[in-house]
Each structure stands twice: as C-alpha cells, then as structure tokens.
Amino acid sequence: MIKIGKWIVTSAWPYAHGVPHLGNLIGSLLSADIFTRYLRIKGEDAILVSGSDEHGTPIEVKALQMGRDPKDLTDEIHSKIVNMLEGFNIKFDNYTRTHNDVHIKFVQDFYMKIFENGHIFKKKDKMLYCEHDKLFLPDRFVVGTCPHCGYEHARGDQCENCGKLLTPLELVEPKCIVCGEEPVVRETTHFYFDLPAFEERLRKMISESETLTENAKNFSLNMIKEGLRPRSITRNNKWGIPAPFPGAEDLTIYVWFEAVLGYVSAVKEYFIKKEGDQDKWKEWWFDKDTNVAFFIGKDNIPFHTIIFPALLMATGDPYTFKFYIGATEYLNFEGKKFSKTHKIGIWCDEALKLLPPDYWRYTLVYLRPETRDSSFTWEALDYAVNEELNNHFGNLVQRLLTLIKKYYGGRLQKADVKTGDQKEVIKTLDEVSRKVDRFYMDMRFQKVLPEVMRLVKRANALINKERPWEKAKENPDLAHSTLYTIYRAVKAATIMLYPIIPESSRKILGYLGENDEEVSWNAMYEEPEAVVIDPGFKPPFNRINIEDIKNKLRLLRGDVMERIDIGYLSKIDMRIGTVEKAEKKVGSKKILRISVDIGKRKIKVLAGLAPYYKPDELVGKKVVVITNMKPKKIIDETSDAMLLAAIDDKGRVRLLTPDGDIDNGAKVG
RNA sequence: AGCGGGGUGGGGCAGCCAGGAAGCCCGCCGGGCUCAUAACCCGGAGGUCCGAGGUUCAAAUCCUCGCCCCGCUACCA
C-alpha cells in the first residue's frame, strides 16, 4: 500500500453554548471521525484533534443572563460534548478546549510573533456600547429599525425584511438585544490583521494546490479577486484570551481568530500529554508533506482557505499547506432549519437516548449533504435503518451465519469460485471496493453506501439463486463455494462500512471469526483457509419503529404525545380483575404467569413482573387488565392480555389498582 | 444585488465537465423462495430530461435567452 504521509484530521470546533445537533455532527465531528478511521484501516498515520470553542460574546452574554461565571458554564457544556462524542464513538486523539493553558499561551505567542513581523496594526473604530450591560455590542446583538425599509426588527448585520446588508451604526433607534436599552456610540481602538498583504501568496497557494477541490478553489479565488480587507482581531470582551500587544490591555483576541489556532495548539497539546515533548508538533505542522484535513460547514470555507493560511504565513514559520477541505452543505430538519427555540431538530444528547450510535451514524452518512442541502426526515431514518442496514445488510449477515452453522457446523473451509454467478459477485466486490476507496479519499462518504449496498444485494441474490440450504445435501461442493463467496462479500462489506458503523462492524467481524483488534482494509481481499464462526452470533441490527421513537422523543422533552381522539381509546377494552393465581414461568427470569378473574371469565397474562413482585404478593390484588390485546407469543406460550403498570425513571414498577371496592369486570375508561 | 448550486417517471436522486439507444433507490402491480428479523430474490407499468431558440449526422449532455427553486455573501460562532 502506498502511504500518503502524515495526516492531521480536524473538525470545526463546536461552540460551547449548547450540545450540537445532528446537522453539526455530520458536518464536522462525525465526518472527521469517519475519515480518520478510514485512514487508519488503510494503514495511514493520522491524528484526530478538535475541541470546544468556549470564548466570545454569546457565551459571555448567556452567562450574564444566567448569573453564572462563563467558565463554569463552558465547563458544563464541554463535559456534555465530551460525553456525547463518546456516545457516538467519535474517538479523538485530543478533544480539548480553547480555555486551556497550552492553547492560550500558543495563541498569545503566535499573535505576538505576527505583531513583531509587522502584520498587525491599530485602528480606531466606532462601536455601539450598552452602558447598562457594560458591553460592546457585535452586529447580532443589536436590533433596530431598518433605514431602508423601516422594518422594526432588523438585526445589526442585515435586515431580514428587505435583505439589505447593514452595519449596527446605520440602525434607527438601535436596542441592545440583552437588556433592550439604547446603546451609545463609543470609540474603541482595535488591532487589525493585514490580510491584503497576503493576497498574492494566497492566490498562488490556492491555485497551485493539488488537494483543494475545484469548488473551494474557485470560491476562494473569487473572494481574493474582489479584494481582501484587513480584519480586526481583537474584541472588548472580558471572556477570552487577553491580547498580548502593547496597549491592548483591555482587549481579548476575537474568538474566530483564536479558535482556529486550536488546530495547531491541540496537536501541540497532544504530544505534550502523550510524550511530554514540547516541540514534537513541529514535526507534523512544519512538514510540507503533512496532510491536513478539515471537516467544516460550507460557510466556513474562506476562513480555512484564506484567513487561516494567511495567519500561518504571517508567522514566517514553515507550515504545511497541504489542506484538504471536506465541506458539507447544511442538513435541515424536515425541510426547515434546526432551531433550538422552535424545537425543530434533534440534538445529539437526545439522539443517543433514542437509538444506538451506529443507527445514527449510518443515517447521517446516508443523508450527508455533500452537494446540496439535505433534510433529515423520519422516513429517511426508517429507510436507512430498517431497509438498508437491517433488511439488506443485517439480514445477509444473519443468513450467512445461520447457513454456516446449520449445514457446516460453524466451520467453513476455503473454496474456489465455481459458477459464473459467484465470479460476478467477486467481480462486484473488486469494483465496489475500488470505488469505495476513492469515495472515502475524496470525502464523499455518502456515495459509499449505495456502492456497498450493490454488493450486499448481489450477495443476497446469489443465495436465492444457488439455494445453498438445499444444495448442501445434493451438491455440497456447490453450496460450499456459494457460502465461501458470500463470506468474502460480507467481510468486504463489513470492512468498507467500518468507518461509518465501527461498533457493528467489529461485532460482525467477530462473528465471522476475525478476532483482531485492528481492522484492516486489505483483510477484505484475504481468503483464509478456514472460517470458524462465533456460534453465539445474534442479528447485528434490529428493526426500529419510527412512531415509538417519535413518542420517546416527546417523552424525553416532556412534551405531550400525539393527540388521539376518543374513538381510539374506545377500542381498548380495559377491565377490573382480581389476580387469582400467579407463578413464576419455568425457564424465565422475568416472566410471571398470572390468571386474572375479570367477572364473566378468567384470562391468562404473561407479564415481566418477576423482578418487582413475588407471585404471592399479587394474589388477591385488584388490577386493571387490557382484555383485547392480540395474543402475543412469549417464549413458548401465548399471553392473552396485559396488566397496566407504571414505570418511573428510576426503573421502579407498580401495578395500577382501583381506589376502593368495585366488581370484577367493571369497565375502565 | 453579487456569487454558487439546482429544476430528469408519484417521491428522492445519478447521468451533464470529455454529445451517440434515459439509469438507480423508494413507492405501485405481479411472481418466486423459505436459509434469514413478514426478512430475501425476479419481472412489469410509469418520463414532453423547466421553456424557447441555436450548433451538430446526433443534445438531458454544448451555446444563447428566459422562467422557477435553494444556499452563501467575511469585524455572526
């Protein structure tokens, strides 16, 4: 295998004022994880770093409103994000934060160096200042009347009504968004980065880049053509990294210009923590052959193609510019933008309470907005998980394992391909793996899925056509080679999906008898002499019910569930009954077999109450029974009804019982 | 306004750069199979490829004009 060199993989730093939503996840953090996993199974040397971006006005204001210390607030949110990453199996080598000593010192030294190199200058500016909150107000913290159309709720940067771009000073009757009072104009001095000085070098760097996409290049070159402007790099915030320049005692570095340097400082911190080496990071960042992959949203492209490189250039240090930008468009939620205030969307912490991480990871890749905005829909989740992951892929795995276990005692010797159809499957495997390899390298993860599915479907078709369950007796050689071919296809599909669904892939590889910790891309081309499967295999995925998940989400949020009408309720026949007999079902830990007298007849219920009630406690108790449930088979016998019980968050279970005496058979409603 | 993306059977998309019989997935209709989680496989119906004009032996694909959708636009994180 050809090694491409060292890789630094990073993602946009989540802003620490809340837990990211599914759109943030696929755009940056998850994509970076997938790419890194891909590089590693290909044998590449990669480190994955990112962190929480915790400075800046929004957090300062939020803390102010909550009466909390900003650090205290970001501590909390940072740890939530860390938990969330763990939950989604997103494994960073260093997931850090901007309020840490290594970063703070790095940023100050970095800007001091640029300052000494003469690329930073001072300029006086007029800004709105809120005397009540003692805060300079950035664009979006001011609202007022639009001078063009008279719209009263125009924001400081743009009027949503007429679309014109504004500056806060143009607003008629401006108001502070925090307290509503009218701010005053104040003069402040800020430090500016001389971006235009780098126009030529940037143009050269971008147009000569062999790693940036056409799209990113054109977009960036266009901006340079329109002319770059100096950018102010300081703010009046208290919550931030103090600007190191002489005469900048009251200023902090503007978050944008500070957080990006985390890409470098997080690598530095990684090597300090790992090897105690202060300078090892330079072997990575100062190596012209080190590849740097950024996973960001589309709005962030110029920052990574223009501003960040210009800053690196300004230091005079030999930074690598072998940049790969994996920019995504936006993921919307059922056609609308994610919005916390309008409760549109799903947030990562909620998502983990609803489904296993791999189900989300697969669905998010399925929806990954690579060429245009896409939209999360419940139908897409349903399709991705139930059809593709479960019915096609999961079921194929289950079929293969069952066939090997049933007809070959769990051990399959190597076999050569025997039929044209088997040959076709292997040919598909080769084709698909080549394409998938390219898609990963080109950061087109979404395209991986239909390709792998093509192989999976071919494999399913081969089983149907060659009928190994019947040929195992009449033509064992044929059945044998069919199964070995399927085995190769399944293993290949599993490895190709590993970066996307790592937990499940590892599990499946374990079932297939691959017990290595390290997953390797090349293993998919190997043909072991014998395959010994794990006899304890289980279906790798389960079908999900979308309505249940929606309801679970409503419960999580404390929302009311879907409204139903009275007719719906009247279909449920609930009766009062008395428990007549109760006994533990043999061979089950949880199930009790209960007979309930409901007046005119007796009814049998199998209920999972053993952990909560002793059989004797139940006898004689008045309970509520749903008598018209469809019979449900539990283990080896059927249950004809259901008892109503309540369960709380602590996992306690209590049966419902009527208040006072009432006859058995009384209708509940 | 500027820049970018897009308009292809009921829905979602590929194909367009390097013109040559319109493809994939879902849905729908019909059939097969029972190894597999009512899962799997096969077949069928269904399209003025936004409109108009042009280039060409040949255009979804190239050119011109127009219509319609969506996103981005840097001292916002």
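A few points about this structure:
- Over 21 Å [Cα-Cα, the stretch A:302-416], rounded percent: 62
- Around residue A:433: net Lys/Arg minus Asp/Glu count, Cβ-Cβ under 12 Å: +4
- Selection of trypsin sites (Lys or Arg not before Pro), the stretch A:275-335, meeting DSSP coil and at most 13 other Cβ within 10 Å: A:288
- Here, the stretch A:345-487 is characterised by an Rg to Rh ratio of 1.06, where Rg is the alpha-carbon radius of gyration and Rh the Kirkwood radius.
- FRET efficiency for the residue A:238 to residue A:477 pair, using the beta carbon distance and R₀ = 60 Å, is estimated at 0.15.
- Packing, taken as the mean count of other beta carbons within 10 Å per residue, orders the peptides A:498-505, A:259-266, A:173-180 from highest to lowest as A:259-266, A:498-505, A:173-180.
- Distance between modelled label sites at residue A:152 and residue A:283, nm, 7 Å Cα→Cβ extension: 6.5
- Each label point was placed 7 Å from the Cα along the Cα-to-Cβ direction; for residue A:211 and residue A:112 their separation is 3.0 nm.
- Rg ratio for the stretch A:163-262: its Cα radius of gyration over 2.2 N^0.38 Å, N being its residue count, equals 1.41.
- The amide H of residue A:154, built 1.01 Å from its N in the peptide plane, has A:144, A:146 as neighbours under 5 Å, considering only residues 5 or more places off or on other chains.
- Near residue A:144, once Lys and Arg are set to +1 and Asp and Glu to -1 for all other residues with Cβ below 11 Å from its Cβ, the sum equals -2.
- Taking a point 7 Å out from the Cα of residue A:557 in the direction of its Cβ, the residues of the stretch A:23-39 whose backbone N falls within less than 18 Å of it are A:23-25.
- Tensor-based shape of the stretch A:90-136 (alpha-carbon gyration tensor, a/c under 1.5 rounded, otherwise prolate or oblate): oblate
- Between helix A:546-556 and chain A: long-axis angle, C-alpha atoms, 0 to 90°, nearest 10: 60
- Sorting A:477-486, A:84-93, A:58-67 by average packing, meaning the other beta carbons within 10 Å per residue, from highest down gives A:477-486, A:84-93, A:58-67.
- Comparing A:292, A:119, A:356 along the charge dipole axis of chain A, the residue lying farthest to the positive side is A:356, per the Cβ-charge model.
- Percent antiparallel among DSSP beta bridges (both partners in chain A, rounded to 5): 70
- Separation between Cα centres of the stretch A:456-472 and the stretch A:7-38, rounded to whole Å: 40
- Hydrodynamic radius of the stretch A:1-108 by the Kirkwood approach over all distinct alpha-carbon pairs: 15.0 Å.
- Order by protection proxy (mean Cβ within 10 Å, highest first), peptides A:108-114, A:301-307, A:545-551: A:301-307, A:108-114, A:545-551
- Using alpha-carbon coordinates, inclination of helix A:199-208 to the longest axis of chain A, degrees: 40
- Amide H partners (placed H, <5 Å) of residue A:297, local residues excluded: A:328
- Distance in nm between pseudo-label sites at residue A:435 and residue A:334 (7 Å out along the Cβ direction from Cα): 3.4
- Remark: chain A projects, on average over all directions, an area of 38.4 nm² (convex hull of Cα atoms).
- Computed Rg/Rh of the stretch A:424-543, alpha carbon atoms with Kirkwood Rh: 0.97
- Anchor residue A:457: lysines whose Cα lies under 17 Å away (excluding residues fewer than 8 positions away in-chain): A:423, A:427, A:435, A:447, A:465, A:491
- Overall, the anisotropy analysis places the stretch A:25-167 in the prolate class: the square-rooted eigenvalues a ≥ b ≥ c of its C-alpha gyration tensor yield a/c not less than 1.5, with a/b exceeding b/c.
- Helical runs (DSSP H, four residues minimum) scored at -39500 (n - 2.57) apiece and divided by the length of chain A put the mean residue ellipticity at 222 nm at -11500 deg cm²/dmol.
- Rounded to the nearest 10 degrees, the angle from helix A:214-226 to the longest Cα principal axis of chain A is 30 degrees.
- Translational diffusion coefficient (Stokes-Einstein; Kirkwood radius from C-alpha pairs) of the stretch A:222-334 at 25 °C, 0.890 mPa s, in µm²/s: 151
- Neighbours of residue A:624 by Cβ distance under 13 Å: Lys/Arg scored +1, Asp/Glu scored -1, total +3.
Values in this text are rule-based calculations from the coordinates and carry no lab data. For clarity, every value in this text was computed on a predicted model and none was experimentally measured. Backbone-built Cβ (ideal geometry, glycine too); neighbour counts: all protein chains shown.
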